[in-house]
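The values are calculated or read from the model by the stated rules, or taken from the named source; none is laboratory data. In this text the structure is predicted, and so the values were computed from the model without any measurement. Glycine gets a Cβ as well: all are built from the backbone with ideal geometry, and neighbour counts include every protein chain shown.
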Amino acid sequence: MSEHLDKIREAIVGGLHNEIEELVSSAVDAAIAPQQIVNEAMIPGMDVVGQKFSTNEIFVPEMLVAAVTMNKGLDLLKPLLQKAGSVSKGTIVMCTVKGDLHDIGKNLVIMMLEGAGFEVIDMGVDMNVETLIAKVKEIKPDILGLSALLTTTLPEMAKVLESLEANGIRNQVKVMIGGAPVDDAYSEKIGADAYGGDAAEAVQIARELITG
Ligand code: B1M
């Protein structure tokens, strides 16, 4: 099993986007659980990419190819991660905040939420506050999910919460936040309802937020 996972991790790190689908398929054929492929090979691969970027061993183009490779692998796993029930467990509007283009984590969270039976409206990346507030007013979701990967875009989460207050709709929607630089303390500081550390935790929290 570890040979499959090692190869997938190395393919993400090396940006082997032409090989990833075959590697993921053969891991699935070898009965390795999709969640294990994501958590023990793909995400650790992205962590290595991040470390190499920090130490100037690789630059943005290589990081981008790694992201393409990751997305191809996730696309293949998506139907296996999703076994949605027919009755919606609740509605969630989700985005990556203004100024931030990182969407792999958000997409993974969405896949898991959909798999758990939630209806998710994906607003994409670099989402401006006005458009988001208009969507919340239109859809009236149970939960608004915000993702951010950059320390520079974290304050955008606070802006969304301020804008919900200013529009008089803060008490109508629960707000869940997540992303690598986010933590419980930040969630509390800006007045979000919850912080999710990873996709599985996000599902658990969404359930709790909806059942109260
Ligand atoms: Co970017 N980048 N990047 N990047 N990038 C980071 C985040 C960085 C940590 C790399 C580093 O320096 N080590 C660093 C941020 C440093 C900081 O702010 N302190 C960084 C930087 C600096 C940048 C640029 C500024 C680089 C530049 O241009 N000079 C630039 C910014 C662009 C922008 O957004 N405006 C940039 C660009 C890019 C690419 C476009 C090349 C690419 C993104 C492609 C894409 O997403 N489509 C990219 C990538 C791939 C990364 C790393 C390597 C990987 C991110 C990732 O996908 N991780 C990243 C380093 C790292 O994180 N190791 C890095 C895998 C993903 C599954 O994890 O997103 O954390 P994650 O999501 C997790 C949890 O956080 C959680 O669940 C997910 C699943 O477990 N979660 C939630 C996420 N959202 C949630 C929401 C929830 C709940 C849980 O509820 C709503």
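Taken as a whole, the structure leaves residue 42 outside the set of residues that are in contact with a Phe, Trp or Tyr (Cβ under 8 Å, 6 or more places away or on another chain), more than 30 Å from residue 136 (Cβ to Cβ) and assigned to a helix (DSSP H, G or I).
Scanning the stretch 181-197 for residues that are buried (at least 16 other Cβ atoms within 10 Å of the Cβ) and within 12 Å of the ligand (Cβ to nearest atom) yields 182, 187, 192, 193, 194, 195, 196.
Just give me the residues in the stretch 46-75 being of a type in the set (Asp, Glu) and either touching a residue at least 60 places away in the same chain (Cβ under 8 Å) or within 6 Å of the ligand (Cβ to nearest atom) (or both), in sequence order. Within the stretch 46-75, 47 is the sole residue that qualifies.
Number of residues in the stretch 176-212 that are assigned to a loop (DSSP other than H, G, I, E, B) and under 20 Å from residue 141 (Cα atoms): the value is 4.
Scanning the stretch 201-212 for residues that are touching a residue at least 24 places away in the same chain (Cβ under 8 Å) and either at positive phi or surrounded by fewer than 16 Cβ atoms within 10 Å (Cβ to Cβ) (or both) yields a count of 2. Among the residues making up the stretch 155-175, those that are of a type in the set (Gly, Ala, Ser) and in a helix (DSSP H, G or I) are 158, 163, 166. When restricted to residues that are in contact with a Leu (Cβ under 9 Å, 6 or more places away or on another chain) and not acidic (Asp, Glu), the stretch 151-160 contains 2. Can residue 93 be described as without any contact (Cβ under 8 Å) to a residue 40 or more places away in the chain and among the β-branched types (Val, Ile, Thr)? Considered against the rule, which asks whether it is without any contact (Cβ under 8 Å) to a residue 40 or more places away in the chain and among the β-branched types (Val, Ile, Thr), residue 93 comes out as no.
Among the candidates 123, 157, the residue that is farther than 17 Å from residue 190 by Cα and in the same structural domain as residue 95 (by TED's automatic domain parsing) is uniquely 123.
All of (1) within 15 Å of the chain's Cα centre (by Cα); (2) within 12 Å of the ligand (Cβ to nearest atom) hold for residue 114 with one exception: (2).
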